[in-house]
Amino acid sequence: AQSVSQHNHHVILSEAASLELGCNYSYGGTVNLFWYVQYPGQHLQLLLKYFSGDPLVKGIKGFEAEFIKSKFSFNLRKPSVQWSDTAEYFCAVNAGGNQFYFGTGTSLTVIP
Amino acid sequence: DSGVTQTPKHLITATGQRVTLRCSPRSGDLSVYWYQQSLDQGLQFLIQYYNGEERAKGNILERFSAQQFPDLHSELNLSSLELGDSALYFCASSAPSGAFYNEQFFGPGTRLTVL
């Protein structure tokens, strides 16, 4: 079965620290990749997505992600986190056209 | 506010019962997706409807069914409820093409508690 793995369940960082959240998927065909974020008390919203072209994708709020096909990975990065980045982050994969899989999420806490 | 609405916000019911969750997509969106988020299984895709027709199916139990009406709102029906069905149920909608690579806009969710 297809799956999406987010290895970090809970990450705690101080403000200005760099962030990298891991995401790996298991699917050998064409994929579209997403990172969604859920801020406390808010709905899920899209941070960024990849479906073709440059494997380095830039999203909102200074986030970026790199698609490495050989590693089946789509890690999320931000060079300097802020307290307002405290949220739950979900990696998602659209595989095989009409299937959509979310990872279990990573909870990020940024300490001021 | 994503523009997607879900009712009710909370629902408490007993095992064996049946409930209906409702979702209204963003204006202009033809596609509606349903997801279940539980502590042990994370966020799981259940089913997608596009302009009234079922388009994709994920890990949806046979006890669950959904439909999308002519006004594009959707309902998720959960029957013969079990304790393990307690979860947050999200609805999302996306741009007219209904393709999965489009951004999905999520509603606030319905929290279902089965006692």
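Each reported figure results from applying straightforward, stated rules to the coordinates on display, with no laboratory input. Nothing here was measured: the structure is a model prediction, and the numbers come from that model. Please note: Cβ atoms are built from the backbone with ideal geometry, for glycine as well, and neighbour counts cover all protein chains shown.
Taking 7 Å along the Cα-to-C-beta vector as the label spot, tell me the A:S5-A:E64 distance in nanometres, rounded to one decimal.
About 2.6 nm, to one decimal.
Based on the alpha-carbon gyration tensor of region B:66-107 and its eigenvalue square roots a ≥ b ≥ c, which shape applies: rounded if a/c is under 1.5, prolate if not and a/b is larger than b/c, or oblate?
Taking the square roots of the gyration eigenvalues as a ≥ b ≥ c, region B:66-107 is oblate.
Taking the Cα centre of region B:3-63 as origin, sum charge times position over the Cβ atoms of Lys and Arg (+1) and Asp and Glu (-1), and report the length of that vector in debye to the nearest 20.
160 debye
Work out, step by step, the length gained on full extension between B:E75 and B:R22: first 0.36 nm times the residue separation, then minus their alpha carbon distance; give nm to one decimal.
18.6 nm
Would any residue of region B:11-29 have its amide N under 13 Å from a label point 7 Å out along Cα→Cβ of B:A95? List them or say none.
Taking a point 7 Å out along Cα→Cβ of B:A95, the residues of region B:11-29 whose backbone N falls under 13 Å are B:29.
Let me make sure I get this right: for the protein assembly as shown, a, b and c are the square roots of the gyration tensor eigenvalues over alpha carbons, sorted descending. Under 1.5 in a/c it's rounded, otherwise prolate if a/b > b/c, else oblate. Which is it? Don't skip to the end; give the middle numbers.
Values: a/c = 1.78, a/b = 1.45, b/c = 1.23.
Because a/c hits 1.5 or more and a/b exceeds b/c, the protein assembly as shown counts as prolate.
In nm, to one decimal, how far is the B:L115 label point from the B:K57 one, both placed 7 Å along Cα→Cβ?
Reported label-point gap for B:L115 and B:K57 is 3.4 nm.
Rounded to the nearest whole Å³, what is the per residue volume of the convex hull around the Cα atoms of chain A?
96 Å³
Which of the peptides B:103-115, B:11-23 is most tightly packed, and how do the rest follow, going by the mean number of other Cβ atoms within 10 Å of each residue? Before the final figure, lay out each step's value.
Numbers: B:103-115: 19.3, B:11-23: 15.3.
In decreasing order of mean packing, B:103-115, B:11-23 become B:103-115, B:11-23.
Taking every DSSP beta bridge that has both residues in chain A, what percent is antiparallel when rounded to the nearest 5? Can you show the working numbers first?
On the way: 35 of 40 bridges.
Around 90 percent antiparallel, to the nearest 5.
So which residue, out of B:D40, B:D71, B:D29, gets the largest mean-square fluctuation from a GNM of chain B using Cα contacts under 10 Å as springs?
Largest GNM mean-square fluctuation: B:D40.
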